[in-house]
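Undergrad: Just passing along the structure, written as structure tokens.
Any read-out appearing in this document is the output of simple, stated calculations on the displayed coordinates, not a laboratory observation. Model, not experiment: these values are computed from the prediction. Here the Cβ positions follow ideal geometry from the backbone for every residue, glycine too, while neighbour counts run over all protein chains shown.
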Amino acid sequence: MAEPTLIGSVQRALRLLEAVAASEDPVSAKSLARMVGLPLPTTYHLLRTLVHEGYLRKLTEGYALGPLAAITGGTAKQALLPRVRPVLKSLRDEVRGATYLSIYSEGEIRLVDIADGPDAPCVDLWVGIQDSGHATAFGKCILAALPTPERDDYIGRHQLYDLTPNTITDRRVLARSLEHPSEIWADSEEYLLGTSCLAAPIRSGDVVGAVAVSLPSRRPVDASHSAALRRAARRLGWAVAVS
């Protein structure tokens, strides 16, 4: 079967929409560029188009969802956020690190929500989530939970970018590392030097997801972090199930 023709600019615009929808507050263009991994000029061009078409609104503080976003699925996501955000915030306060909820949808790993704060800053997402699943704890957590054919398809479709000296860039090595599911997955400076992450799988019906926490690599990690992640994963599984 021939590969489908994909329009890169449309994909990039959708990533911006997802990033805005995942934020509790309006997001600046510079922050969106970092989160999605786009050059700032490209980000501005796409944002202007999305505002013009009604999918985003430009506010003094940044960009927020526009009236047409709800028609294309924003309503469902906004209904989910009130259920998952308290869990992410509680986990953030317990482990003193930014927390992340991701799911696997339509062949891609998607970031749903982030809970950060002054004492728990979010990782600078300098490379987009869809281009870094191999280098993040929640990405590997989700990939390990997929049926083997879907996992192999994902790995085959994505470039394994060399983000740090610790990043796995060999497809065979990555595939072997994902063969044995675990309750806790980690990346040790594989996405960003100076930052390590832990993730736990979320299982809810057909939904495959992960909850993760990012911490400075210098901070010790112990069993309490894993236990907190597992508790949050169970609660998020319930929240997703009733949404």
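Undergrad: Considering the dipole of segment 52-184 built from charges on the beta carbon (Lys and Arg +1, Asp and Glu -1) around the Cα centre, which of 154, 99, 81 is farthest to its positive end?
TA: The listed residue farthest towards the positive side: 81.
Undergrad: Can you give the three extents of the C-alpha atoms in segment 1-68 along their principal axes, from longest to shortest, in whole Å?
TA: 47, 24, 20
Undergrad: So what is the calculated 222 nm ellipticity per residue for the chain, using -39500 (n - 2.57) for each DSSP H run with n of 4 or more, over all residues, to the nearest 500 deg cm²/dmol? List each step's numbers first, then the result.
TA: Details: 8 runs with 101 residues, N = 243.
Calculated mean residue ellipticity at 222 nm is -13000 deg cm²/dmol.
Undergrad: Let me ask you something else. Cut-off is 10 Å between beta-carbons; in what order do 10, 221, 240 appear when sorted fewest neighbours first? Let's see the in-between values first.
TA: Values: 10 10, 221 17, 240 20.
Final ranking by Cβ density, sparse to dense: 10, 221, 240.
Undergrad: Setting aside same-chain residues fewer than 8 positions from residue 89, which aspartates and glutamates have a Cα under 17 Å from its Cα?
TA: Excluding near neighbours in sequence, the set is 24, 25, 113, 116, 119.
Undergrad: Order of 99, 49, 148 from fewest to most other C-beta atoms within 10 Å?
TA: Ordered from fewest to most neighbouring Cβ atoms within 10 Å, 99, 49, 148 come out as 148, 49, 99.
Undergrad: Shifting gears a bit: Counting alpha carbon pairs within less than 8 Å and at least 6 residues apart, what relative contact order, in whole percent, applies to the chain?
TA: Relative contact order, the chain: 18 percent.
Undergrad: Between residue 106 and residue 222, what is the label-point separation in nm under the 7 Å Cα-to-beta-carbon projection?
TA: 4.5
Undergrad: If exposed trypsin sites (Lys or Arg not before Pro) are those in a DSSP loop with at most 15 other Cβ within 10 Å, what is the longest stretch of the chain that has none?
TA: It works out to 97-217.
Undergrad: Taking the Cα-to-Cβ direction at residue 234 and at residue 146 and moving 7 Å from each Cα, how far apart do the two end points lie in nm?
TA: Placing both labels 7 Å along Cα→Cβ, they lie 2.9 nm apart.
Undergrad: Rounded to two decimal places and with Rh computed the Kirkwood way over Cα pairs, what is Rg over Rh for the chain?
TA: Expressed as Rg/Rh, it is 0.94.
Undergrad: Next up: Among residues other than residue 50 whose Cβ falls under 14 Å from its Cβ, what is the net charge (Lys/Arg +1, Asp/Glu -1)?
TA: Taking every other residue near residue 50 into account, the sum is +3.
Undergrad: Provide 24, 106 in ascending order of the number of other Cβ atoms located within 10 Å of each residue's Cβ, fewest first.
TA: Result, fewest neighbours first: 106, 24.
Undergrad: Pull out a ≥ b ≥ c, the square roots of the eigenvalues of the alpha-carbon gyration tensor of segment 114-243, then state rounded if a/c is under 1.5, prolate if not and a/b is larger than b/c, and oblate in the remaining case. Present the calculation step by step, with values, prior to reporting the outcome.
TA: On the way: a/c = 1.64, a/b = 1.05, b/c = 1.55.
It is oblate, given that a/c is not under 1.5 and a/b is not larger than b/c.
Undergrad: What does the charge dipole of segment 75-241 about its Cα centre add up to, to the nearest 20 debye, if the Cβ of each Lys and Arg holds +1 and the Cβ of each Asp and Glu holds -1?
TA: Approximately 560 debye in magnitude.
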